[in-house]
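Scroll down for the structure; my scribbles are underneath it.
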Amino acid sequence: GPTRRNVQIEAAAAHVKGLSEYMVSGHLTVACTAAARETAAAVAQHFKSRLQQLPDSVAEQPEAAFLQFFRPPAEHGRDTVVLVAEDAALLYWLLRALHMSPEEARAMIPSYRISHASVTLLNMRADGNMKVVAVGDTGHLPLDCLGE
């Protein structure tokens, strides 16, 4: 049968797709780090979207991706960006979205944990304000797939 990892990947991808009915705009980007490519590919497949792999340097230097993706949409009224990455990068982006400086965010990462295959949602408004909608949601995962 499917491995625990495969169940996590498919459950996360299906959950993100399910959220799309009220969350996703016409313009969707799925971007990932190399380590998260398998999960991101499943998400992209659900949306029939192309996958953008982020440079390997993102794991050590997540600020560039923050500046690229965490800004108001330019050409479209709404953009949807699905970022699939290791928890350190995701936590960095979340802490930066909560107005921490790059230095503060980097220092605080070890204080937090989010589960594998969890979903964290941020709403970026046209005026640049960011609203955290969910952090580390695992409600879509079967109980035997929670945790590492």
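The values are calculated or read from the model by the stated rules, or taken from the named source; none is laboratory data. Being a predicted model, the structure only gives us computed values, none of them experimental. Cβ atoms come from the backbone with ideal geometry, glycine included; neighbour counts cover every protein chain shown.
Just one of (1) more than 14 Å from residue 80 (Cβ to Cβ); (2) crowded, with 17+ Cβ neighbours inside 10 Å fails for residue 44. It is (1).
Scan 4, 50 and give me the residue that is on the phi < 0 side of the Ramachandran plot and exposed (fewer than 14 other Cβ atoms within 10 Å of the Cβ).
50
Scanning the stretch 36-57 for residues that are within 23 Å of residue 8 (Cα to Cα) and either touching a residue at least 60 places away in the same chain (Cβ under 8 Å) or in a helix (DSSP H, G or I) (or both) returns 36, 37, 38, 39, 40, 41, 42, 43, 44, 45, 46, 47. Residues in the stretch 62-81 that are modelled with pLDDT under 90 and assigned to a loop (DSSP other than H, G, I, E, B): 9 in all. Residue check: is residue 11 farther than 20 Å from residue 138 by Cβ and either small (Gly, Ala, Ser) or within 13 Å of the chain's Cα centre (by Cα) (or both)? Judged against the criteria, residue 11 is not a match.
Is it true that residue 31 is within 13 Å of the chain's Cα centre (by Cα), of a type in the set (A, V, I, L, M, F, W, C) and assigned to a helix (DSSP H, G or I)? The answer is no for residue 31.
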